[in-house]
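Each remark here refers to the structure printed beneath this line.
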Amino acid sequence: MERALARSRDRFPETRNTGRRRIRLMIVDDSTVARAVLSRMVESDPVFEITAVAGTAEDAIEALGECNVDIVVLDLEMPGAGGLKSIPRIIAAAGGAKVMIVSSLADDGAEQTVAALALGAADTMPKPGTGRFNGKFSEVLLGKLKALGYSAQPVPARTAAENGDGYLYLRAAPTDPIDILAIGASTGGIHALGALFNNLPKRIGVPILVTQHLPIPFMSVFARQLGVVAGREALVAEDGMLLARDRILVAPGDAHLTLDPTPGGAVVRLTHGRSSSGCMPSVDPMFASVGAIFGAGALGVVLTGMGRDGVEGSTRLVACGGSILAQNEGSCAVWGMPRAVLEAGLASAVLPPEKIARRIASRTEEQPRANKR
């Protein structure tokens, strides 16, 4: 197999009108044609610089010891160790760079796709030719790459939620026992959820709801893998389901996961209305309904993801007496959703997933059974 490693010409010394340096990419694919096509796509935008290309995961890992990149664009089908099994090694060698999977295996419902996300890939999309994006593959790919690349180049936030010294406010952190845990996530969320549940006690005694932005065919695979990682039952939510302690209910890809109060306890209601964030499923309706029913017993967690989904729902959850924990910037694939919640003055803590797990545990382990719903 031909080893391909080359540094690009610096055709655009500086990205115009952004105040940011260019986003540095490495493209890893065993196909010479694929490398050439992807290179032409990204080089058409002056935001990007191709720092290196490689034909195998092993070559990529070696090259990462000699160059700095922001994003590794990685195929899964390659000779040698292959892309999937090499993701953890590539992430370690890349020193904080994000991994974007572009592969024919990254198809709807593919086990490999969810596995790649669980191993630390920030995002995935299928290679051109599938017709998935109706000729807009380049536009979608560049949009995803910009979101990931800019997240590695933080811009200081200045908002109305700051105090006079320029620091963002954190709300008082409650210590009372909780009655329900609701988690929202998007880009990079599967890996973050894995880190959170790996550090959460196997029994916390409260129901768990999860809204993760994924296409519909991924959901059953995602729920199954999440259940294995979390060490507890995880199901795709269905309308009318009752809540159960320590069971995870996952929002389906085509509906918002909300709750309705009934004499027998809260039940699942799947809704399909447009959310203010435009996401389907959206974190906002889930948080809002959880806050309305459980009040101060509601705890929401906002993990990595682009956009502002979760802000409106967090506002309503907090207004009902509940509290919000947000993932910190350093551990996020994209610090969009958590940042928006923080800037709105809604977060009680900003932590990496493993510390979020400890904070959750501190509010559940001593909870009297009489308080459980």
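Observations
- Positions within region 263-291 being out of contact with any strand residue (DSSP E or B) (no Cβ under 9 Å at 6 or more places or on another chain) and closer than 19 Å to D179 by Cα, in sequence order: P263
- Every residue from region 298-313 that is surrounded by 24 or more Cβ atoms within 10 Å (Cβ to Cβ) and over 17 Å from the mean Cα position of the chain (by Cα): A298, L299, G313
- Top-ranked residue of region 319-334 - restricted to ones that are free of Cβ contacts under 8 Å to residues at least 60 places away in the same chain and part of a helix (DSSP H, G or I), ranked as nearest to D123 (Cα to Cα): G330
- Qualifying positions in region 88-139 - at pLDDT 80 or above, farther than 13 Å from L76 by Cβ and basic (K, R): R89, K98, K136
- Residue satisfying condition, being modelled with pLDDT of 95 or more, of a type outside the set (D, E) and surrounded by fewer than 17 Cβ atoms within 10 Å (Cβ to Cβ), within set L249, L242, L193, L226: L242
- Residues in region 303-311 include at least one that is assigned to a strand (DSSP E or B) and of a type outside the set (F, W, Y).
- Residue that is in contact (Cβ under 8 Å) with a residue 12 or more places away in the chain and either among the aliphatic types (A, V, I, L, M) or more than 28 Å from K98 (Cα to Cα) (or both), where the choices are R316, R339: R316
- Taking each residue of region 190-204 that is closer than 15 Å to V301 by Cα and looking for partners that are aromatic (F, W, Y) with beta-carbon atoms closer than 8 Å, six or more apart or interchain, yields I190/F222.
- Counting the residues of region 237-258 that are over 18 Å from the mean Cα position of the chain (by Cα), of a type outside the set (D, E) and within 23 Å of A357 (Cβ to Cβ) gives 5.
- When we screen D45, D123 for residues that are among the acidic types (D, E), under 29 Å from R21 (Cβ atoms) and more than 21 Å from the chain's Cα centre (by Cα), the only hit is D45.
- Of residues in region 332-368 being over 30 Å from D70 (Cβ atoms) and of a type in the set (V, I, T), the one modelled with the highest pLDDT: I360
- Being buried (at least 22 other Cβ atoms within 10 Å of the Cβ) and under 24 Å from A223 (Cα atoms) holds for only one residue in L342, L325, and it is L325.
- Filter pass, D284 being surrounded by fewer than 17 Cβ atoms within 10 Å (Cβ to Cβ), of a type in the set (D, E, K, R) and modelled with pLDDT of 95 or more: no
- Checking each residue in region 5-30 for being in a loop (DSSP other than H, G, I, E, B) and either modelled with pLDDT of 90 or more or buried (at least 21 other Cβ atoms within 10 Å of the Cβ) (or both) picks out R22, D29, D30.
- Neighbours by Cβ (under 7 Å, 6+ apart or cross-chain): first from region 231-247, within 26 Å of N199 (Cα to Cα) and of a type outside the set (D, E, K, R); second at pLDDT below 95 and surrounded by fewer than 13 Cβ atoms within 10 Å (Cβ to Cβ): G231/K202
The values are calculated or read from the model by the stated rules, or taken from the named source; none is laboratory data. All values reported here derive from a predicted model rather than from experimental measurement. FYI the Cβ positions are ideal-geometry reconstructions off the backbone, even for glycines, and counts take in every protein chain you see.
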